[in-house]
Every structure is written in C-alpha cells, then in structure tokens.
Amino acid sequence: MSSITRLHSRAELRSWRDSLSDSVTVGFVPTMGALHRGHGTLFHAACEGNEVGLASIFVNPLQFNEGADFKRYPRTADEDCALLERSGVQAVYLPDRIDMYPDGYETRVRSGPGSELYEGYHRPGHFEGMLTAVFKLFQRCRPDRAYFGEKDAQQLWLVQRMAEDLDLDVEVIGCPTVREEDGLAFSSRNAFLAPEQRAVAPIVSRALYACRESFTAGERSVALLERGMHDLLRSEPLASIEYADVVDERTFRPADSDQPGPWRAVAAVRVGDTRLIDNLELGDARSPGMT
Ligand code: PAF
C-alpha cells in the first residue's frame with residue numbers, strides 16, 4: 001500500500017500544508033522527476049534535517065530553451081514515487097502545466113548579470129524559467145529549508161541569491177554531487193547516452209579533477225588552469241566543449257587571479273546530443289599550493 005501522499009493540485013497542496021502545525025519543519029526538494037541516486041541524497045538531507053520531507057515533480061516548460069529537449073525529457077512517475085517512498089519523503093506535489101501556469105500567466109522572475117554567463121549564456125531563458133518555477137513552488141510549499149544539488153552549481157547560487165535578495169523565508173541548502181564509480185555525475189540526462197558515449201562521458205569529471213590537482217599543486221593562473229581542462233577535453237573526439245572555465249564562486253563571474261575566490265571549475269560538454277554539466281570546488285586562491 002502506498003504511504004506517500006500525492007498532491008495533484010495547488011488546492012490539495014494547500015490543505016495538506018495547512019494541516020501541518022506551525023512548529024513542524026518542512027524540508028523541500030523540487031525536482032523534474034527522472035529521479036536517481038543524486039536526488040536520493042537530497043531527499044535524505046530533507047528528511048534528516050526536518051520533521052517532514054516534501055518533494056515536487058514538475059517538468060517545467062519555461063526552463064527548456066529547446067522544445068525537443070522538453071519533449072524527450074524522461075518522465076518516469078511510477079518509479080519516481082517508489083524512490084520517494086523508499087527515501088522517507090511524506091508527500092509529493094505533482095502539478096500539471098495549468099496548475100502551475102494557468103491561462104493568461106505572464107510573470108517571470110529575472111535574475112541579474114550572474115545569470116547571463118555559462119548556463120545562462122548557452123541556454124537563453126533557462127534561468128528565468130527555473131527561478132520562476134522555484135519561486136512559485138516556494139510560495140506554495142512554504143518550506144523551512146530547500147535542498148538543491150551542487151552539480152547545478154550556478155542554479156544553486158542563483159536560488160540562494162533569489163532567497164536572499166527577495167527576502168524569502170527559506171534556507172537554501174546545497175548537497176554534494178553524487179558520482180558513478182568512474183566519476184560521471186549522476187544526471188537524468190545520462191539516460192540519453194549511447195554505450196560508446198557513456199564510455200567517454202567521464203572525461204568531463206576527469207578534466208575537472210585534473211584542474212583541481214593543478215590548483216592544489218599551486219597553479220594560480222586562471223588561463224593555464226582552463227587550458228589544462230580544454231586540452232584534455234579536446235583529446236576526446238566525441239566530446240565538444242561549450243565551456244570549461246574557472247569562476248569565482250561568490251559571484252559566478254570569471255575568476256580573477258587577483259581575487260581570492262573561492263574558485264570553482266565549471267564545465268558543459270556535449271557528447272552527441274547530450275549536454276553534460278559538472279563542476280568542482282577548487283578552493284581559496286590565496287591558500288598556498290602543495291608544491
Ligand atoms: O534542477 C531541477 O530539477 C530544476 O531546475 C528545478 C530546480 C526542479 C526547477 O524546475
């Protein structure tokens with residue numbers, strides 16, 4: 001028998017949320033479904049850190065800049081609900097498009113310049129759509145804490161900024177990236193990789209780890225750190241680089257050798273039609289290397 005409460009509309013969500021006493025803390029994990037082990041750690045953190053764990057599954061059309069990508073995004077509702085149940089999440093909100101964006105819907109949440117680089121540059125409109133959905137979900141779910149994966153580091157940073165800048169009463173918590181044994185970060189899009197593409201996909205995390213190794217060894221030239229990633233990624237004919245850069249993680253702007261950081265290496269690489277993104281924290285640029 002199913003123990004998870006499925007909430008299909010804003011009205012159902014509201015009455016479930018109103019039934020909780022004010023003293024109960026709610027940990028929320030927004031998702032687009034196609035759940036995997038990476039999501040599992042978010043559910044675990046939400047349930048551990050709060051009295052009630054709540055998730056949402058909504059494939060948000062506003063954040064897909066390519067219609068084809070929206071259409072082919074995996075939809076695996078039954079498996080998702082089974083995983084949620086095993087994770088101890090008590091309720092899942094499953095709105096449809098009309099529930100989220102009724103006829104006549106117009107408004108968007110727009111971020112500042114930090115949303116225009118990297119993912120924002122390569123996926124125009126993506127962050128506006130993502131922030132709009134997350135803002136609405138926060139309003140509806142009224143969580144005390146919300147959990148996001150560090151794999152989408154720029155998304156996490158933007159949601160943290162939005163919560164701070166717009167005085168949202170929710171603590172936004174980042175959870176570490178979960179990787180396959182060969183280093184590939186878990187992602188719903190990994191399912192699109194053909195076997196020969198899956199075999200080369202770990203090159204992305206290898207480039208990031210190589211960058212961290214150089215940083216740890218004392219390299220502080222942003223250009224050389226980036227060149228190292230590019231050289232390694234270019235050695236793989238099936239991989240095509242969108243970006244492989246070092247950023248200042250406080251601002252999500254390009255790292256500057258005169259600024260302490262902390263720095264983060266970020267990459268987006270296409271393997272066939274599949275876009276893989278990943279990142280790795282490098283550290284404080286003022287700290288001495290270990291040469
Ligand atoms: O990371 C995701 O799955 C989505 O961007 C999110 C946060 C659920 C918003 O639609």
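The listed residues are V52, V29, V89, and the only one of them that is β-branched (V, I, T), under 22 Å from R142 (Cα atoms) and within 14 Å of the ligand (Cβ to nearest atom) turns out to be V29. Of the residues screened, L83 is not one that is open to solvent by less than 20 Å² (accessible area, probe 1.4 Å) and of a type in the set (A, V, I, L, M, F, W, C).
Among the residues of the stretch 116-130, those that are in a loop (DSSP other than H, G, I, E, B) and either in contact with a strand residue (DSSP E or B) (Cβ under 8 Å, 6 or more places away or on another chain) or surrounded by fewer than 17 Cβ atoms within 10 Å (Cβ to Cβ) (or both) comprise E116, L117, Y118, P124, G125. Based on what the data block shows, is R161 farther than 22 Å from L54 by Cβ, of a type in the set (D, E, K, R), within 16 Å of the ligand (Cβ to nearest atom) and in contact with a Leu (Cβ under 8 Å, 6 or more places away or on another chain)? The answer is no for R161.
Taken over the stretch 232-275, the residue count meeting the criterion of being crowded, with 19+ Cβ neighbours inside 10 Å and either assigned to a loop (DSSP other than H, G, I, E, B) or free of Cβ contacts under 8 Å to residues at least 12 places away in the same chain (or both) is 4.
Quick one: is A153 in contact (Cβ under 8 Å) with a residue 40 or more places away in the chain and in a helix (DSSP H, G or I)? Yes, satisfied.
The values are calculated or read from the model by the stated rules, or taken from the named source; none is laboratory data. This is a predicted model, so every value here is computed, not measured. FYI the Cβ positions are ideal-geometry reconstructions off the backbone, even for glycines, and counts take in every protein chain you see. The protein model used for the area step is the full one, side chains on, heavy atoms only, and it has no ligands, DNA or RNA in it. Shrake-Rupley method; radii C 1.70, N 1.55, O 1.52, S 1.80 Å.
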